[in-house]
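Where a number appears in this text, it was derived from the coordinates with a stated rule and is not lab data. Keep in mind the model is a prediction, meaning the values are calculated, not measured. We place every Cβ from the backbone using ideal geometry, glycine too, and count neighbours over all the protein chains shown.
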Amino acid sequence: MPGPRAFITGASGQDGSYLAERLLADGVEVHSLTLSGEPAEFLPADVVRHQGDLTDVAATRALLADLAPDEVYNLAALSSVAASWEDPDLNASINGGAAVALLESAWQVAQVHDKQVAFVQCSSAEIFGEPSESPQSEATPLRPVNPYGAAKAYAHLMTGVYRSRGLHASSMVLYNHESPRRSPRFVTRKITSTVAAIAAGKAEEIVLGNLDARRDFGWAPDYVDAMVRAARHGQGNDYVIATGVSHSVRDFVAAAFTQAGVSDWEDRVRVDPALLRPTDPTDLRGDASRARTELGWAPTLEFPEIVKQMVETDLELQS
Ligand code: GDP
């Protein structure tokens with residue numbers, strides 16, 4: 001009997017590379033969907049690559065029908081919350097509509113082949129926006145405050161709808177998760193790469209937006225582990241994936257400078273109001289109790305170690 005086959009959308013990003021590595025190690029045949037011309041520098045060579053745009057529903061549906069995968073991981077998204085204000089309708093289409101089309105495609109594969117297709121939607125803490133409680137759990141009301149969060153909330157709800165219809169569908173409410181493979185468009189890697197450049201004498205200062213925002217920063221490989229556990233669990237569900245501890249952007253800056261051995265760094269940080277977002281959740285912190293209990297999941301790396309790994313890699317890249 002052939003082994004399981006997985007299909008990963010948005011595989012060119014940080015999570016796609018870790019997820020593909022993990023699945024290949026498990027003996028899974030891994031297929032990826034990436035946009036044409038998109039660099040995927042960390043994607044392992046053993047992944048079977050397909051090019052296409054998730055918003056081309058007919059083409060993606062035909063590809064899925066052809067591959068008939070056992071596991072579908074929807075990582076594809078416009079990932080920048082800040083940029084979602086510049087293109088809210090495109091955000092709705094990719095982060096919302098295309099996810100729903102993929103759910104329907106997976107459902108059709110399950111029907112035609114009369115087999116289980118496990119669907120894993122990568123949702124986001126941004127669906128909670130300015131939450132009414134802290135920490136947030138799967139029971140926390142959705143209250144997004146930006147186009148990104150609203151589009152992700154729609155896909156999250158539709159994952160639940162398909163689950164009710166009988167699809168093995170899980171929505172992973174992922175809090176910020178970081179690694180040395182994080183794009184510098186995100187604040188953590190922007191900080192560690194710039195701090196490393198400052199330590200190497202190649203940069204003078206770091207220019208940031210909101211330093212007071214508090215986020216629950218976790219370790220990206222732990223978060224793809226949660227996705228795989230959800231796909232293999234007896235039934236689908238919604239899962240908050242988080243460490244349970246939040247730190248401010250300012251805390252991250254301080255930890256990164258300390259790790260890089262740079263003292264007297266306060267004057268090296270400048271706030272540019274142009275980098276502030278129209279609305280930005282104040283404090284996002286998740287309660288992953290359900291994932292711990294049902295999936296046996298736990299984060300393996302805490303904040304100081306995450307900062308350390310990222311700064312060390314960026315210092316090496318400087319040398
Ligand atoms: P997000 O939570 O998925 O949007 O991840 P980001 O890493 O982009 O942003 C995390 C937090 O850092 C948000 O509250 C941002 O407003 C804040 N932040 C502060 N300065 C910056 C910056 O220069 N770039 C980015 N990307 N975020 C920043």
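With the convex hull built on the Cα atoms of the range 18-88, state its orientation-averaged projected area in nm².
Taking a quarter of the hull surface, the average projection is 5.8 nm².
For the Cα atoms of the chain, what angle does the longest principal axis make with the long axis of helix 98-113, in degrees from 0 to 90, nearest 10?
30 degrees
With N residues in the chain, what two-decimal value do you get for its Cα radius of gyration over 2.2 N^0.38 Å?
The value comes to 0.99.
Quickly work out the LEU157-to-VAL57 label distance, labels modelled 7 Å from Cα along the C-beta direction, and quote it in nm with one decimal.
1.8 nm
How far is helix 57-67 tilted off the main Cα axis of the chain, in degrees rounded to 10, range 0 to 90?
70 degrees
Kindly state, as a whole number, the per residue volume in cubic angstrom of the convex hull around the alpha carbon atoms of the range 226-305.
Residue-normalised Cα hull volume stands at 130 Å³.
Past the 21 angstrom mark, what percentage of all C-alpha to C-alpha distances in the range 101-197 do you count?
Here the long-distance tail beyond 21 Å is 48 percent of all Cα pairs in the range 101-197.
Just tell me which lysines come within less than 28 Å, Cα to Cα, of LYS115; anything on the same chain fewer than 8 places away is out.
LYS152
Roughly what % of DSSP beta bridges within the chain run antiparallel, to the nearest 5?
Taking every DSSP beta bridge within the chain, about 5 percent pair in antiparallel fashion.
Compute the orientation-averaged projected area for the range 35-178 from the convex hull of its Cα atoms and round it to one decimal in nm².
Spelled out: convex hull of the Cα atoms, projected over all directions, averaged, 9.5 nm².
Report the label-to-label distance for ASP212 and THR279 in nanometres (one decimal), using points 7 Å from each Cα along the Cα→Cβ vector.
1.8 nm
Give the lysines reachable from LYS202 as a straight Cα distance under 17 Å; neighbours fewer than 8 places away on the same chain don't count.
Partners within reach: LYS190.
If you build the Cα gyration tensor of the range 48-107 and take the root of 5 times each eigenvalue, what three semi-axes come out, in whole angstrom, biggest first?
Semi-axes, largest first: 23, 11, 10 Å.
Above 20 Å lies some portion of the pair distances; for the range 170-286, what is it as a whole percent of all C-alpha pairs?
The share of Cα pairs beyond 20 Å in the range 170-286 comes to 49 percent.
Using only Cα atoms, find the angle between the long axis of helix 187-199 and the longest principal axis of the chain, and express it within 0 to 90 degrees, rounded to the nearest 10.
40 degrees
Using a Förster distance of 35 angstrom, determine the FRET efficiency expected from the C-beta separation of GLN108 and SER134, and round it to 0.05.
Using R0 = 35 Å, I get an efficiency of 0.30.
Roughly how many whole Å is it from the C-alpha centroid of the range 176-232 to that of the range 30-84?
23 Å
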